[in-house]
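The values are calculated or read from the model by the stated rules, or taken from the named source; none is laboratory data. Every value quoted in this text rests on a predicted model; they were computed, and no experiment measured them. All Cβ positions, glycine included, derive from the backbone under ideal geometry; neighbour counts span all protein chains shown. Accessible surface areas use protein heavy atoms only, side chains included; no ligands, DNA or RNA. Shrake-Rupley method; radii C 1.70, N 1.55, O 1.52, S 1.80 Å.
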Amino acid sequence: MTTLYVSHPASFDHEVPEGHPERPARMRAVERALEDERFAGLVRASAPKAEIEAVTLAHPRAYVDALVAAVPEHGMVGIDSDTILSAGSLEATLRAVGGGMHAVDAVVGGGCRNAFVAMRPPGHHAERTRSMGFCLFNHAAIAARHARQKHGAERVALVDWDVHHGNGSQDIFWDDAAVLYCSTHQMPLYPGTGASSERGEKDTIVNVPLRPNDDGEVFREAFETGILPRLERFRPDVIVISAGFDAHRLDPLANLRLEAEDFGWATRRLMDVADRCAGGRIVSILEGGYSLEGLGKSVAAHVDALMGR
């Protein structure tokens, strides 16, 4: 059984203003990291372009149509102060959606043990009816729903270790008993959600906030005590990871002090749970990470773990 890596050059066509942290150079950092010879065993696939209808697994059709209509033919427009639409944004985000769905098909449908999808823009801040925080559509949420709709997964866990709370994923799954959403994140920090008291209508939201300057030791303890026991009790059929790497100590947008190997450790711990509960099935989807050095090192540690190293 192998690890699948899914990406597409369309990620480079989502343009942002100069100086914006969520920039195409992020994809070059990921690509360079995975060019190392130790990743020669990855199965590499091109992210297919999802149909618009697929996006409605997590977003109402009226919202989807409005966003599509807002995409400019040339140049860029701002949805808000930091969320941008350019002429290439729609294809980029539809291929991000399609990449996540393709990974689910490969992992849940058989053929690959796990998968890492590296596309931009990220998605976990996209709420049901609102784009924000660099995010347009919520790729991880769509992947989770796709696992349920197409493959009959009864329970899906979405684990989010991005340094910013995934308010969009929490919003989408707030009243969904079939999806367990678990998040570690810095607090206080954008977008201001993610208190431990936010548990969802079905008690399937698990927020474990971290404080500024917390390091890998604190992160690991929070993961061991706050996230992993809930996963074990939930016994998911599939685990989806919102894999943001902006909790790395070099990241300019936050104040946690994780090292690359902390992400490798967390990956292996989730693989342990997946082996016991989910037939090893994990689909990881890139979210944040804005230090190019930190992103590259963290992705390498994450994919090393997925490949069993």
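Please report, in debye to the nearest 20, how large the charge dipole of region 3-307 is about its Cα centre when each Lys and Arg carries +1 at its beta carbon and each Asp and Glu carries -1 there. Please report the intermediate quantities before stating the final value.
Values: 31 positive and 43 negative charges, 143 e Å.
Dipole about the Cα centre, nearest 20: 680 debye.
So what is the calculated 222 nm ellipticity per residue for the chain, using -39500 (n - 2.57) for each DSSP H run with n of 4 or more, over all residues, to the nearest 500 deg cm²/dmol? Let's see the in-between values first.
Numbers: 10 runs with 110 residues, N = 309.
Rounded to the nearest 500, it is -11000 deg cm²/dmol.
Can you give the extra length, in nm with one decimal, that the chain gains between Asp82 and Ala69 once fully stretched, where that is 0.36 nm per residue apart less the Cα-Cα distance? Write down the numbers at each step before the final one.
Values: separation 13, 0.36 × 13 = 4.68 nm, distance 1.91 nm.
Going from the current span to full extension adds 2.8 nm.
Tell me the carbon and sulfur percent of the accessible area for region 85-140, rounded to whole percent, probe radius 1.4 Å.
Details: 500 of 1130 Å².
That share works out to 45 percent.
Considering only region 3-307, what is the antiparallel percent among its DSSP beta bridges, to the nearest 5?
Of the beta bridges lying entirely in region 3-307, close to 10 percent run antiparallel.
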Label of the coordinate-derived value, Cα Rg over 2.2 N^0.38 Å, listed as (1) 0.89; (2) 0.97; (3) 1.27: (1)
Rough spin-label spacing in nm, given labels placed 7 Å along Cα→Cβ, for Glu293 and Glu261: 1.8
Inter-label distance for Arg199 and His20, nm, one decimal - labels placed 7 Å from Cα along Cα-to-Cβ: 3.9
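Glu51 to Arg276: FRET efficiency via 1/(1 + (r/R0)^6), r the Cβ-Cβ distance, R0 30 Å, to the nearest 0.05? Each step should come with its number before you reach the end.
Numbers: r = 35 Å, r/R0 = 1.16.
Approximately 0.30, to the nearest 0.05.
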Sequence-distant aspartates and glutamates (8 or more away, or on other chains) whose Cα lies within less than 14 Å of Lys202: Asp171, Asp175, Asp176
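How do the peptides 163-171, 180-188, 248-256 rank, highest first, by the average count of neighbouring beta carbon atoms within 10 Å per residue?
163-171, 180-188, 248-256
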Whole-Hz ³J(HN,Hα) from phi, Karplus 6.51 cos²θ - 1.76 cosθ + 1.60, for region 168-180, glycine and proline x: x, 5, 4, 4, 5, 9, 3, 10, 10, 6, 8, 10, 9
